[in-house]
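Chemist: Below is a structure I'd like to ask you about.
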Number of protein chains: 2
Amino acid sequence: MNTQQQRIRVVQWGLGAMGRGIAQLILAKDGLELVGAVDANPAYDGQDIGEVLGQDPVGVNVTNDPSMLLATTRIDVVTIATTSWVGRQLPDLKRILSSGINVVSIAEEMAAPEAQHPEIAAELDAVAREHGVSIVGVGVNPGFVLDLLVVTLTAGSQEVTRIEASRVNDLSPYGPTVFRTQGVGTSLAEFEAGVADGSIVGHVGFPESIALINDALGLGIDRVEQQITPIVSSVRREAGDLVIEPGQVAGCNHIASGYRGDAEVIRLTHPQQVCPEADGRSTGDYITIYGTPEIHLSTGPEIAGGIATAGIAVNTIPRILAASPGLKRVIDLPAPTALMGASAYLRR
Amino acid sequence: MNTQQQRIRVVQWGLGAMGRGIAQLILAKDGLELVGAVDANPAYDGQDIGEVLGQDPVGVNVTNDPSMLLATTRIDVVTIATTSWVGRQLPDLKRILSSGINVVSIAEEMAAPEAQHPEIAAELDAVAREHGVSIVGVGVNPGFVLDLLVVTLTAGSQEVTRIEASRVNDLSPYGPTVFRTQGVGTSLAEFEAGVADGSIVGHVGFPESIALINDALGLGIDRVEQQITPIVSSVRREAGDLVIEPGQVAGCNHIASGYRGDAEVIRLTHPQQVCPEADGRSTGDYITIYGTPEIHLSTGPEIAGGIATAGIAVNTIPRILAASPGLKRVIDLPAPTALMGASAYLRR
């Protein structure tokens, strides 16, 4: 048996912070072979992907133009990390699927594209089926902590009447872009203006997480409402060069509710802020399932977001390769799991 | 669309405590139709299953002899709850599969029958494929808390170096049979004699849970060792009529270790006792994943065992109906989830 020939051949599409993390992990996994990389940055064009990642060269070059790569290279799976929005990713996704290649996307909206873009979801499903391949969206959230983990926790539940889940994280490791979209360091007035003009967006993925839970359990959710409020600090907080004084905004409390008629059946909460511990709030993931039985779960600290998004993208590669053709969600596949050693990939 | 015709037709096989719970849940779910029940107890033969369950009659009779039922009734899935051991269940399983019927078993060893009985696993896989149906073993443990939940928790893990998981439960609600097999109320000498003569067995399912984790993650486990020790109470504990004095045995601490070479890569612990809180130990499920990222999860109290075993058996019914032919494990299927409302079943 020639193990080399059996390795899954993967292209990383998009080399931002997340895409670079995925590419590094692909290179580190025995069962995977990185056979190409695509990014729009002209500075990367023709560069060895290893060197772009700050590692030793690996003999695979990044390209700005995927035409040649798609036409001449045998590729099993593309992992794509270019945007949060399915509408923006659609042309690339159709191009990849039409080349007969399976796709794992970390675009937040791709976790359940039917939630906000049913026509795009139908189109992706049709294109994938036409070419005999499959496509799925994954990520730490949406795609894992506030949806897949929630539904898996109900595996033995006889009845579920209500679900509450919360993910409390610390934005301190992130940079100015994240701070800006979460309103970190703003005044109350600036925060309200930012929400009004769309520059402060909170979390992307709540409608998708609620769709996944609702569809997996059949809860009959007919309406999703979201609410963004400022987290006003009562203490001084320091994150790198940034100082939040008491009364300033440390982040964004984003809540989404799924209703069946007048009843709030699902409530997901994701307060994103710098240094929550400074104000007495522990980071972690918290899930409560009301019903039979009642279940209270917590993790502490929260499952690390950036690491886990790259991880689940790579762990899903053999799952999407083995899937039947079409558009899948993470709830439609056997759970992705950490895959250690080549054999764990090659068996799937 | 005639919803009545689309309901999944299920037979409950075995009407002990767990089988009765499963039958009640099948009757309560809109998407399922209980079309038969099998039990060896002569007192049940010909009795309405509703009345056997202490409910209103439902127009379906229990039978001691499944021949007529298998020959004349269209059955989609049998849920079977007769024993913990695959060897003992094998004749019934082959008979059901050979009738072209899918099977969900709660026999502990069926969670991963290849772990201890590879030849039986191969035989079941062959018989199922021959008849175009599928079979899976599930339960709260093995089948959920100390394996499926563990592997799902690694969905975003880049590396897993070691896993520790513990399930601390309270046996107080159980009866004399469970107390006896866990050594509750014995002296130290009686406990040791019970372990030696096989009457004190501890938990059934550790080799299966380790096989599921190892196979899902590819950890390279090559050896499983188990250890049973008495939980000697330091305080007086009362469970119903039973009194445990200080120095007496309150239950059984059962530990299983999965080794790769000399390294203990998985350690599962299941101390089963009455009134652990009396001795300062909280009930709950505890999972730690060492690696990247490190994850600490806990539930409190533990996910209720009897309820969740009946729940996962029923929640798995549409999963096994949709599965490709052959022997499956819970890690091979999309995660079972609580299914609320008929539509959640009928879509699958």
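Chemist: For residues that are farther than 22 Å from B:His254 by Cα and not in a helix (DSSP H, G or I), scanning just segment B:138-164, find the one that is farthest from the other protein chains (Cβ to nearest Cβ).
Modeler: It comes out as B:Thr161.
Chemist: Can you tell me how many residues in segment B:302-320 are open to solvent by 10 Å² or more (accessible area, probe 1.4 Å) and in a helix (DSSP H, G or I)?
Modeler: The number of residues fulfilling the criteria is 5.
Chemist: Within segment A:58-70, can one find any residue that is surrounded by fewer than 13 Cβ atoms within 10 Å (Cβ to Cβ) and part of a helix (DSSP H, G or I)?
Modeler: yes
Chemist: Taking the stated definitions as given, is B:Leu346 modelled with pLDDT of 95 or more and open to solvent by 30 Å² or more (accessible area, probe 1.4 Å)?
Modeler: no
Chemist: Residue by residue through segment A:324-333, note down the ones that are within 7 Å of chain B (Cβ to nearest Cβ) and open to solvent by 30 Å² or more (accessible area, probe 1.4 Å).
Modeler: The one that is within 7 Å of chain B (Cβ to nearest Cβ) and open to solvent by 30 Å² or more (accessible area, probe 1.4 Å): A:Asp332.
Chemist: Does A:Arg129 qualify as being touching a Gly at 6+ places or on another chain (Cβ under 7 Å), basic (Lys, Arg) and modelled with pLDDT of 95 or more?
Modeler: yes
Chemist: Are any of the residues in segment B:169-185 buried (at least 23 other Cβ atoms within 10 Å of the Cβ), in a loop (DSSP other than H, G, I, E, B) and more than 18 Å from the chain's Cα centre (by Cα)?
Modeler: yes
Chemist: Among (1) under 23 Å from B:Ala107 (Cα atoms); (2) in contact with an Asp or Glu (Cβ under 9 Å, 6 or more places away or on another chain), where does B:Ala37 come up short?
Modeler: It is condition (2) that B:Ala37 fails.
Chemist: Moving to a separate point now. B:Ser209 - would you say it is more than 24 Å from B:Thr83 (Cα to Cα), open to solvent by less than 10 Å² (accessible area, probe 1.4 Å) and not basic (Lys, Arg)?
Modeler: Answer is no for this residue.
Chemist: Starting from segment B:190-217, keep only residues that are on the phi < 0 side of the Ramachandran plot, then list their pairs with residues that are of a type in the set (Ser, Thr, Tyr) whose Cβ atoms are within a distance under 6 Å, requiring at least 6 positions of separation or different chains.
Modeler: Cβ pairs passing all conditions: B:Val201/B:Thr181; B:Val204/B:Ser84; B:Ala216/A:Thr337; B:Leu217/A:Thr337.
Chemist: Count, please, the residues in segment B:1-39 that happen to be open to solvent by 70 Å² or more (accessible area, probe 1.4 Å) and over 21 Å from the mean Cα position of the chain (by Cα).
Modeler: Within segment B:1-39, residues that are open to solvent by 70 Å² or more (accessible area, probe 1.4 Å) and over 21 Å from the mean Cα position of the chain (by Cα) number 6.
Chemist: Taking the condition of being among the polar types (S, T, N, Q) and outside any strand (DSSP E or B), how many residues in segment B:247-267 meet it?
Modeler: 1
Chemist: Checking B:Leu346 against (1) among the aliphatic types (A, V, I, L, M); (2) closer than 26 Å to A:Tyr345 by Cα; (3) more than 8 Å from chain A (Cβ to nearest Cβ): exactly one of these is not met. Which one?
Modeler: Condition not satisfied by B:Leu346: (2).
Chemist: So, one more: Taking the stated definitions as given, is B:Ile80 of a type in the set (A, V, I, L, M, F, W, C), surrounded by 23 or more Cβ atoms within 10 Å (Cβ to Cβ) and touching a strand residue (DSSP E or B) at 6+ places or on another chain (Cβ under 9 Å)?
Modeler: Yes: the conditions hold for B:Ile80.
Chemist: Return the total of residues in segment A:270-301 being more than 9 Å from every other protein chain (Cβ to nearest Cβ), open to solvent by 40 Å² or more (accessible area, probe 1.4 Å) and either charged (D, E, K, R) or in contact with a His (Cβ under 7 Å, 6 or more places away or on another chain) (or both).
Modeler: Qualifying residue count for the region: 3.
Chemist: Given (1) open to solvent by 70 Å² or more (accessible area, probe 1.4 Å); (2) not in a helix (DSSP H, G or I), identify the lone condition not met by A:Gly46.
Modeler: All conditions pass for A:Gly46, except number (1).
Chemist: Of the residues that make up segment A:69-76, is at least one under 28 Å from A:His203 (Cα atoms) and either at pLDDT 95 or above or in contact with a Phe, Trp or Tyr (Cβ under 6 Å, 6 or more places away or on another chain) (or both)?
Modeler: No, because not a single residue in segment A:69-76 is under 28 Å from A:His203 (Cα atoms) and either at pLDDT 95 or above or in contact with a Phe, Trp or Tyr (Cβ under 6 Å, 6 or more places away or on another chain) (or both).
Chemist: For segment A:286-326, which positions are of a type outside the set (S, T, N, Q), out of contact with any Pro (no Cβ under 7 Å at 6 or more places or on another chain) and closer than 16 Å to A:Val77 by Cα?
Modeler: A:Ala310, A:Gly311, A:Ala313, A:Val314, A:Ile317, A:Pro318, A:Ile320, A:Leu321, A:Ala322, A:Ala323, A:Pro325, A:Gly326
Chemist: Suppose the filter is farther than 27 Å from B:Arg88 by Cα, in contact (Cβ under 8 Å) with a residue 40 or more places away in the chain and away from every other protein chain (no Cβ under 14 Å); does B:Thr186 pass it?
Modeler: It is true that B:Thr186 is farther than 27 Å from B:Arg88 by Cα, in contact (Cβ under 8 Å) with a residue 40 or more places away in the chain and away from every other protein chain (no Cβ under 14 Å).
Chemist: Restricting attention to segment B:30-48, which residues are closer than 16 Å to B:Met68 by Cβ and among the charged types (D, E, K, R)?
Modeler: Result: B:Asp39, B:Asp45.
Chemist: Applying the selection to segment A:78-105, what residues are assigned to a loop (DSSP other than H, G, I, E, B) and under 19 Å from A:Pro66 (Cα atoms)?
Modeler: A:Ala81, A:Thr82, A:Thr83, A:Ser99, A:Gly100, A:Ile101
Chemist: Something else about it: Within segment A:194-206, track down each residue that is farther than 14 Å from A:Gly183 by Cβ and either surrounded by fewer than 24 Cβ atoms within 10 Å (Cβ to Cβ) or touching a Gly at 6+ places or on another chain (Cβ under 7 Å) (or both).
Modeler: Matches in segment A:194-206: A:Val204 only.
Chemist: (1) touching a residue at least 40 places away in the same chain (Cβ under 8 Å); (2) in contact with an Asp or Glu (Cβ under 8 Å, 6 or more places away or on another chain); (3) open to solvent by 10 Å² or more (accessible area, probe 1.4 Å): which one isn't true of B:Ala121, the others all being true?
Modeler: Unmet for B:Ala121, out of (1) touching a residue at least 40 places away in the same chain (Cβ under 8 Å); (2) in contact with an Asp or Glu (Cβ under 8 Å, 6 or more places away or on another chain); (3) open to solvent by 10 Å² or more (accessible area, probe 1.4 Å): (3).
Chemist: Name every residue in segment A:231-269 that is open to solvent by 40 Å² or more (accessible area, probe 1.4 Å), more than 13 Å from A:Val184 (Cα to Cα) and out of contact with any Asp or Glu (no Cβ under 9 Å at 6 or more places or on another chain), in order of residue number.
Modeler: A:Asp262, A:Ala263
Chemist: Just the residues that are assigned to a loop (DSSP other than H, G, I, E, B) and under 21 Å from A:Ser199 (Cα atoms), please, taken from segment A:211-246.
Modeler: The answer is A:Ser233, and nothing else.
Chemist: Looking at this structure, is B:Thr73 open to solvent by 30 Å² or more (accessible area, probe 1.4 Å), more than 16 Å from B:Arg9 (Cβ to Cβ), among the polar types (S, T, N, Q) and not assigned by TED's automatic domain parsing to the domain that holds B:Asp222?
Modeler: In short, no.
Chemist: Among the residues of segment B:86-118, which ones are in contact (Cβ under 8 Å) with a residue 60 or more places away in the chain and either out of contact with any strand residue (DSSP E or B) (no Cβ under 6 Å at 6 or more places or on another chain) or surrounded by fewer than 21 Cβ atoms within 10 Å (Cβ to Cβ) (or both)?
Modeler: Scanning segment B:86-118 gives B:Asp92, B:Ile106, B:Glu108, B:Glu109, B:Ala112, B:Pro113, B:Glu114, B:Ala115, B:Gln116.
The values are calculated or read from the model by the stated rules, or taken from the named source; none is laboratory data. This is a predicted model, so every value here is computed, not measured. Because the Cβ atoms are built from the backbone with ideal geometry, glycine has one as well, and the counts that use them run over all protein chains shown. Each accessible area value is taken on the protein alone, full model and side chains, heavy atoms only, with ligands, DNA and RNA left out. Shrake-Rupley method; radii C 1.70, N 1.55, O 1.52, S 1.80 Å.
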